[in-house]
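First comes the structure, then the notes that go with it.
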Ligand SMILES: [Zn+2]
């Protein structure tokens, strides 16, 4: 992560990180021949000691004042020319970097840092095991599509997530555990429904219907997304304030995270276009509000 460096506007005193810099060559009009000249041609006879050749140009986001910083200067130097045995005046140029980093560079920094943190978190919650749960059951290629088995494994996985948060509590019923996870209301309700469906299949010979299967898939997806959102949003705020990158718009950072997560999901779920489309919509809802 780079140290934040801002520019101060001399017109309104605002301090800001520029959105962009463009390079502008200084050109000179020659009224006599109706043409535009570069400095070397313009100052052919009467040579000033120092000439600005090119500028970095940006603008102040508060007052829209145009701000220019030197990019390249040309300085006159005396040179002894051995072939003509004369001393000549030549322009030697010197270039300067842009005065500070621009917005998109800080955004890239924070995006890379977040990706690293997100990957660490994925390892910590063993996200691959959550993905495998679905992929093993749904992927084409010889696996039996056993939706009840998937449901049982999914509820067991939620239970083991509860254990990771609250410790092992064998005598606690599943609805209590679901309640303790403090999930969003709709997700909580759906998980309780699925738990009842599981019990109905086991104890009352209930057969899974098409809309039950849809519900299982949706709740599975929403739970995985919930795990991500719950962890990632505070991370964004933390990194933003720790690094002094507060000037970055929260929505811009979230868009970066959104793109990254879409890539992660694409790698795993592209075989299932129906689920993958739902993932795209849900991620937009979670991270671009
Ligand atoms: Zn200004």
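FYI, it's all coordinate maths here, none of it is from the lab. This one's a predicted model, so the numbers in the text were calculated from it and none came from an experiment. Cβ: placed from backbone, ideal geometry, glycine included. Neighbour counts: every protein chain shown.
Summarised as an ellipsoid, the range 130-226 has semi-axes of 22, 16, 13 Å, derived from the eigenvalues of the Cα gyration tensor scaled by 5 and square-rooted, with the largest first.
Between the helical axis of 147-166 and the longest alpha-carbon principal axis of the chain there is an angle of about 70 degrees. Ellipticity at 222 nm from helices only: DSSP H runs of n ≥ 4 in the chain, each -39500 (n - 2.57), divided by the residue count, give -18000 deg cm²/dmol.
Here's the picture: a label point sits 7 Å out from the Cα of residue 231 along the beta-carbon direction, and within the range 105-119 the residues with their amide nitrogen under 14 Å of it are 114-119.
Here the residues 101, 62, 273, ranked from fewest to most Cβ neighbours within 10 Å of their Cβ, fall in the order 273, 62, 101. Of the Cα atoms belonging to the range 175-220, the radius of gyration and Dmax stand at 11.1, 31 Å. Among 13, 196, 46, the largest mean-square fluctuation in a Gaussian network model of the chain, built with springs joining Cα atoms closer than 10 Å, belongs to 46. Within the listed set 33, 136, 240, the Gaussian network model of the chain (springs between alpha-carbon atoms below 10 Å) gives the highest mean-square fluctuation for 33. Approximating the spin labels as points 7 Å out from Cα along Cα→Cβ, the residue 266-to-residue 79 distance works out to 5.1 nm. The Cα center of the range 143-186 and the Cα center of the range 1-77 differ in position by 63 Å. Normalising the average separation of contacting C-alpha pairs (under 8 angstrom, six or more residues apart) by the number of residues puts the relative contact order of the range 103-287 at 28 percent. Spin-label model, residue 65 to residue 250: label points 7 Å out along the Cα-to-beta-carbon direction sit 3.1 nm apart. Note on the range 7-95: Cα convex hull, mean projected area over all directions, 8.1 nm².
One compactness figure for the range 1-152 is 1.99, namely its Cα radius of gyration divided by 2.2 N^0.38 Å. Among 173, 212, sorting on how many other beta-carbon atoms sit within 10 Å of each Cβ, with the fewest leading, yields 173, 212.
Computed from Cα atoms alone, the Kirkwood hydrodynamic radius reported for the chain is 24.6 Å.
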